[in-house]
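A.B. asks: Quick one: the structure is below, questions incoming.
The values are calculated or read from the model by the stated rules, or taken from the named source; none is laboratory data. Bear in mind the structure is a predicted one, so any value in this text is a computation, not a measurement. Reconstructed Cβ throughout: ideal geometry from the backbone, glycine too, with neighbour counts over all protein chains shown. The accessibility values were calculated without ligands, DNA or RNA, using every heavy atom of the protein model including side chains. Shrake-Rupley method; radii C 1.70, N 1.55, O 1.52, S 1.80 Å.
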Amino acid sequence: MSEGLTFIATCDLVALTRGRSIRSTEYPERRATGVGWVPADLALTTFGDIASPNPFGSLGDLRLLPVDSARITLPAGGGRPATELVLADTVEPDGTPWACCPRTALVGAVAALETAGIRIVASFEQEFSLAGLAGEPGAASPFSIEAHRLAEPFGSELVNRLADAGLEPETWLPEYGQAQYEITLKPTDPVTAADRAILVRALVRDLALAHGLRASFAPLRSPDGIGNGTHIHLSLWDSSGRPITIAPGGSELTSMAGSFGAGILEHAPALIAWTAPSVISSLRLAPHRWSAAAAFVGHQNREAMLRLCPLITLAGADPGASANVEYRAADATANPWLALAAILRAGLDGLVRRLPSPTIVDRELEAIDSSERERLGIGTLPPDMESAHAALEADATAVAWFAPDLVATHLAIRRTELAILAVASAEERCQRYASVI
């Protein structure tokens with residue numbers, strides 16, 4: 001009988017999980033040394049090319065050092081054996097952290113906030129589309145029990161596998177788009193939340209394949225279609241464990257949460273380069289797509305970059321504990337570790353500078369004229385990837401959030417992808433990403 005394999009992996013700058021496998025029986029003795037890796041692997045594009053130029057070339061060696069808490073079993077099925085998947089930190093051969101490791105970047109951002117007396121609790125909501133369902137497309141209405149049942153037994157197996165792996169699923173639902181679904185997990189610390197987001201994607205894709213389906217997390221499968229978002233929920237807590245997101249009364253952010261949100265809005269154009277980074281991402285960040293049409297804090301407004309979520313007061317629940325802000329300008333072409341790290345760094349900058357709390361907008365965006373938008377501090381988002389790149393490069397604070405080689409590689413990857421897709425139509429661009437992401 002053949003032995004099972006353990007796949008030791010990182011999530012790269014295009015949000016794909018890549019790595020190397022070993023026999024699972026060897027894992028206990030390999031935990032301390034991991035497996036070999038190559039710096040230029042960070043420069044792989046979505047489509048498999050190595051971006052040029054990149055800072056690494058053919059030089060250097062690294063190790064992928066597994067993190068036992070970020071581990072899941074991809075189950076046997078469809079003639080395939082089970083595989084253990086474990087995420088890893090990327091380190092130098094002597095074990096010191098690699099400056100360009102995406103996971104280490106998030107660990108550092110969390111530590112910086114904790115030094116400032118702030119603890120973050122986070123969760124990722126992830127939307128994806130399932131191709132191959134019986135009767136798809138248009139076989140069932142959005143949010144309906146029919147749409148829920150259409151995805152069975154995939155849905156039940158996904159939720160149960162996540163629960164068995166300790167990833168704490170909260171809800172599984174049919175979404176607004178045709179054959180579109182969403183999975184949410186219980187909030188936790190930021191590093192664990194991002195680890196889980198990566199593991200969920202791997203499990204969704206693997207289970208879909210076992211069921212004869214194809215799962216795509218791509219922001220758009222067609223330019224006019226319903227997009228898939230990756231919404232990141234954040235709440236702030238002080239060092240003594242008290243919630244500090246919402247001020248007494250429940251309608252305003254606390255001064256600290258307000259400064260945190262103001263930092264995110266101030267760096268919004270640069271943030272888009274990390275959280276919605278692909279050639280097609282900007283197509284989704286537009287009015288009437290329920291994503292993020294502008295940079296503002298909206299009261300339960302799904303076109304705001306930051307959405308102030310409703311407080312739960314049923315059955316005596318503590319409204320402060322449920323208070324959270326949802327960052328909506330993200331999609332699954334973004335590395336979860338880096339997307340969250342960039343958001344936290346922007347918020348920390350707002351805290352350090354004690355920026356004033358932004359106005360909370362409680363109206364539909366299209367009902368607000370340009371002069372009123374200026375008065376309310378509603379900012380615009382980059383209209384395309386090139387503009388987001390320019391905003392990042394012009395924002396000295398944002399450029400300094402990550403190692404120079406990591407930033408240079410990130411920009412090179414996306415510019416290489418733009419060159420690859422230069423003569424492709426918008427429809428073709430969406431299909432290229434949907435075939436991979």
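A.B. asks: Take the residues of the range 342-355 that are under 23 Å from Glu125 (Cβ atoms) and of a type outside the set (A, V, I, L, M, F, W, C): which is most open to solvent (accessible area, probe 1.4 Å)?
C.D. replies: So the residue we want is Arg345.
A.B. asks: Right, next: Restricting to the range 194-219, what's the tally of residues that are open to solvent by 10 Å² or more (accessible area, probe 1.4 Å) and not charged (D, E, K, R)?
C.D. replies: 6
A.B. asks: Now a separate question. Name the single residue, out of those in the range 357-372 being among the charged types (D, E, K, R) and in a helix (DSSP H, G or I), that is most open to solvent (accessible area, probe 1.4 Å).
C.D. replies: Applying the filter and picking the extreme gives Glu366.
A.B. asks: Please pick out the residue among Ala321, Ala403 that is at pLDDT below 90 and among the hydrophobic types (A, V, I, L, M, F, W, C).
C.D. replies: One residue alone meets the criteria, Ala321.
A.B. asks: Right, something else. Among the residues of the range 376-415 satisfying the criterion of being of a type in the set (Ser, Thr, Tyr) and open to solvent by 20 Å² or more (accessible area, probe 1.4 Å), which is nearest to Ala304 (Cα to Cα)?
C.D. replies: Thr380
A.B. asks: Using beta carbons and a limit of 9 Å, which pairs, at least six apart or on different chains, have the first residue in the range 365-387 and more than 22 Å from Trp290 (Cβ to Cβ) and the second one open to solvent by 90 Å² or more (accessible area, probe 1.4 Å) and at pLDDT 90 or above?
C.D. replies: Qualifying pairs under 9 Å: Glu386/Arg415.
A.B. asks: Could you please find all residues in the range 167-176 being outside any strand (DSSP E or B) and surrounded by 18 or more Cβ atoms within 10 Å (Cβ to Cβ)?
C.D. replies: Going through the range 167-176, the residues outside any strand (DSSP E or B) turn out to be 167-168, 175-176.
Leu167, Glu175 - these are the residues of the range 167-176 that are outside any strand (DSSP E or B) and surrounded by 18 or more Cβ atoms within 10 Å (Cβ to Cβ).
A.B. asks: Asp224 versus (1) touching a strand residue (DSSP E or B) at 6+ places or on another chain (Cβ under 8 Å); (2) surrounded by fewer than 19 Cβ atoms within 10 Å (Cβ to Cβ); (3) free of Cβ contacts under 8 Å to residues at least 60 places away in the same chain: which is the lone unmet condition?
C.D. replies: Checking Asp224 against (1) touching a strand residue (DSSP E or B) at 6+ places or on another chain (Cβ under 8 Å); (2) surrounded by fewer than 19 Cβ atoms within 10 Å (Cβ to Cβ); (3) free of Cβ contacts under 8 Å to residues at least 60 places away in the same chain, the one that fails is (1).
A.B. asks: Same structure again: Between a residue in the range 58-77 that is closer than 23 Å to Pro93 by Cα and any residue that is open to solvent by 50 Å² or more (accessible area, probe 1.4 Å) and among the β-branched types (Val, Ile, Thr), which pairs come within a Cβ distance under 8 Å, given they are 6 or more apart or on different chains?
C.D. replies: From residues that are closer than 23 Å to Pro93 by Cα, the pairs are Arg63/Thr33; Leu65/Thr33.
A.B. asks: Same structure again: List the number of the failed condition for Asp68; all other conditions in (1) within 22 Å of the chain's Cα centre (by Cα); (2) in a loop (DSSP other than H, G, I, E, B); (3) exposed (fewer than 15 other Cβ atoms within 10 Å of the Cβ) hold.
C.D. replies: For Asp68, the failing item is (2).
Yes or no, residue by residue, for (1) outside any strand (DSSP E or B); (2) of a type in the set (Ser, Thr, Tyr); (3) crowded, with 23+ Cβ neighbours inside 10 Å:
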position	(1), (2), (3)
Ile272	yes, no, yes
Pro287	yes, no, no
Arg307	no, no, no
Gly320	yes, no, no
Leu340	yes, no, yes
Glu374	yes, no, no
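A.B. asks: Okay, moving on. Name the residues in the range 386-419 that are aliphatic (A, V, I, L, M) and in a loop (DSSP other than H, G, I, E, B), would you?
C.D. replies: If the condition is that a residue be aliphatic (A, V, I, L, M) and in a loop (DSSP other than H, G, I, E, B), then Ala400, Ala403 are the ones that fit.
A.B. asks: Here's something else I'd like to know. Would you mind telling me which numbered condition in (1) surrounded by 14 or more Cβ atoms within 10 Å (Cβ to Cβ); (2) of a type outside the set (Lys, Arg); (3) over 30 Å from Ile8 (Cα atoms) Val91 fails?
C.D. replies: (3)
A.B. asks: Report, ordered by the first and then the second residue, all pairs with beta carbons closer than 7 Å, sequence separation of six or more or different chains, a first member in the range 180-193 that is touching a residue at least 60 places away in the same chain (Cβ under 8 Å) and farther than 14 Å from Ala111 by Cβ, and a second member that is basic (Lys, Arg) and crowded, with 21+ Cβ neighbours inside 10 Å.
C.D. replies: Leu185/Arg196
A.B. asks: Going by what's in this entry, would Leu42 be described as under 21 Å from the mean Cα position of the chain (by Cα), touching a residue at least 60 places away in the same chain (Cβ under 8 Å) and open to solvent by 20 Å² or more (accessible area, probe 1.4 Å)? Steps first, answer last, please.
C.D. replies: Working: under 21 Å from the mean Cα position of the chain (by Cα): yes; touching a residue at least 60 places away in the same chain (Cβ under 8 Å): yes; open to solvent by 20 Å² or more (accessible area, probe 1.4 Å): no.
Considered against the rule, which asks whether it is under 21 Å from the mean Cα position of the chain (by Cα), touching a residue at least 60 places away in the same chain (Cβ under 8 Å) and open to solvent by 20 Å² or more (accessible area, probe 1.4 Å), Leu42 comes out as no.
A.B. asks: Return the residues of the range 201-233 that are in a loop (DSSP other than H, G, I, E, B) and within 16 Å of the chain's Cα centre (by Cα); say none if nothing qualifies.
C.D. replies: Phe217, Ala218, Pro219, Leu220, Gly227, Asn228, Gly229
A.B. asks: Identify all residues within the range 234-270 that are assigned to a helix (DSSP H, G or I) and of a type in the set (Val, Ile, Thr); write none if there are none.
C.D. replies: Scanning the range 234-270 gives a single hit, Ile264.
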